[in-house]
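The structure appears right after this line, and notes come after that.
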Amino acid sequence: MSQQHLTIKERGLIAQYLDEKMQQSKIAKILGRNRSVISREIKRNSDKDRRYYPQRAQKRYEKRRKRCRR
């Protein structure tokens with residue numbers, strides 16, 4: 001996969017798989033991503049209760065992206 005950034009669809013799948021108690025390494029394999037990408041995504045975008053919300057993650061990504069100016 002040549003994409004660098006996760007899509008909202010991938011973020012939704014991450015949330016679904018986490019709800020199913022799937023391991024991060026298996027999520028990475030299914031999505032064709034490096035497991036560190038999945039780990040960082042979850043760490044970066046989970047709330048205080050360690051819950052991952054894909055819509056919130058997407059908004060945070062967009063906010064960071066605007067600041068980056070790339």
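The values are calculated or read from the model by the stated rules, or taken from the named source; none is laboratory data. Note that the structure is predicted; figures quoted are calculated from it, not measured. Please note: Cβ atoms are built from the backbone with ideal geometry, for glycine as well, and neighbour counts cover all protein chains shown. Surface accessibility is based on the protein's heavy atoms, side chains included, excluding ligands, DNA and RNA. Shrake-Rupley method; radii C 1.70, N 1.55, O 1.52, S 1.80 Å.
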Take SER25, project a point 7 Å from its Cα along the Cβ direction, then tell me which residues of the range 39-64 have their backbone nitrogen under 20 Å from it. 39-43
Run the numbers on the chain and let me know its relative contact order in percent, using alpha-carbon pairs under 8 Å that are six or more apart. 34 percent
Lysine pairs in the chain with Cα distance under 16 Å, only those 8 or more apart or on different chains: how many are there? 5
I'd like the distance separating the alpha-carbon centroids of the range 4-22 and the range 31-56, in whole Å. 8 Å
Would you work out what percent of the accessible area of the range 7-70, with all protein chains in place, is carbon or sulfur (probe 1.4 Å)? 46 percent
How many Å² of accessible area per residue for the chain, probe 1.4 Å? 81 Å²
Projected area averaged over all directions for the convex hull of the alpha carbon atoms of the chain, nm², comes out at 4.7 nm²
With no solvent and one equal point scatterer placed on each C-alpha of the range 31-70, evaluate the Debye formula and give log10 I(q)/I(0) for q = 0.20 Å⁻¹, two decimals. -0.67
